[in-house]
1. Tell me what the chain gives for mean residue ellipticity at 222 nm when only DSSP H runs of n ≥ 4 count, each as -39,500 (n - 2.57), the sum divided by the residue total, rounded to 500 deg cm²/dmol.
2. Taking R0 as 22 Å, what's the FRET efficiency between residue 174 and residue 59 from their Cβ-Cβ distance, rounded to 0.05?
3. Given R₀ = 22 Å, what would the calculated FRET efficiency be for residue 131 paired with residue 17, taking r from the Cβ atoms and rounding to 0.05?
4. Could you calculate the contour length gain from residue 188 to residue 148, that is, 0.36 nm times the residue separation minus the distance between their Cα atoms, to one decimal place in nm?
5. Sorting check: for 144-152, 96-104, which peptide has the highest mean count of neighbouring beta carbons within 10 Å, and how do the rest follow?
6. What residues qualify as long-range amide H neighbours of residue 136, i.e. H under 5 Å apart, gap of 5 or more or another chain, H built at 1.01 Å from N?
7. Once you charge only the Cβ atoms, +1 for Lys and Arg and -1 for Asp and Glu, what is the size of the charge dipole of the chain about its Cα centre, to the nearest 20 debye?
8. Which whole-Hz ³J(HN,Hα) couplings does segment 7-21 yield from phi under the Karplus relation 6.51 cos²θ - 1.76 cosθ + 1.60, θ = phi - 60°, glycine and proline marked x?
Amino acid sequence: MKIKSAKFKLSAVSLKNIPNDLPEIAFVGRSNVGKSSFINSLLSQKIARTSTTPGRTRLINYFLINESFYFVDLPGYGFHSAGKQNEKLWATLIEDYLNSSNNIKRIFLLVDIRHIPTEQDKQMLMYLSYTAKPFTIIATKCDKVAKSKVNIYIKKIADAFCITTASIIPYSIQKQGAREQILDIIEKSM
């Protein structure tokens with residue numbers, strides 16, 4: 001798949017004002033896992049806002065890709081400094097979106113390769129399995145670990161999730177080695 005165009009469409013605070021007209025590729029993961037950076041890397045341009053402060057994505061952000069589908073950047077979960085009330089609000093927003101959108105063609109669950117999946121990551125994986133919507137697990141920040149240890153970290157994540165290592169795609173924003181593979185997955189999901 002070639003990315004010919006990408007533009008920010010809108011930020012939604014609730015499901016009342018989300019578009020319902022095109023296929024959607026959704027991105028979900030813990031705060032500070034690098035969702036926005038991952039999206040920017042796939043698009044080869046900086047369109048999603050990134051920050052070194054966790055929890056900056058607080059709304060559902062839509063990006064129109066090739067005038068034919070959306071990338072949907074969901075709020076990160078597990079950001080405790082935001083307060084319990086905001087954390088519950090974002091969790092509800094994520095769950096409502098995943099339950100109600102009939103346009104989701106694929107969900108990318110992002111986990112940080114350097115950390116064992118949290119209980120929230122495991123709950124998200126179980127939830128995605130329950131919904132039966134197609135999803136792919138991406139281990140981000142592979143450039144932050146020695147190349148010789150990537151497989152060791154992937155094995156730890158797989159063991160925590162009780163899945164095979166083949167179910168996880170390691171990804172480095174710097175090297176973009178798996179970019180074409182991921183874009184191919186997106187294209188086949190449409």
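Values quoted throughout were computed directly from the atomic coordinates according to the rules given, and no laboratory measurement underlies them. From a predicted model like this one, the values you see are computed outputs, not experimental measurements. Every residue, glycine as well, gets a Cβ built from its backbone with ideal geometry; the counts of neighbours run over all protein chains shown.
1. -10000 deg cm²/dmol
2. Working: r = 28 Å, r/R0 = 1.26.
Calculated transfer efficiency: 0.20.
3. In this case the efficiency is close to 0.45.
4. Full extension from residue 188 to residue 148 adds 11.3 nm.
5. 96-104, 144-152
6. Amide H neighbours of residue 136: 107, 108, 109.
7. 520 debye
8. Whole-Hz 3J(HN,Hα) from phi for segment 7-21: 8, 5, 9, 6, 10, 10, 8, 8, 6, 4, 10, 8, x, 9, 10.
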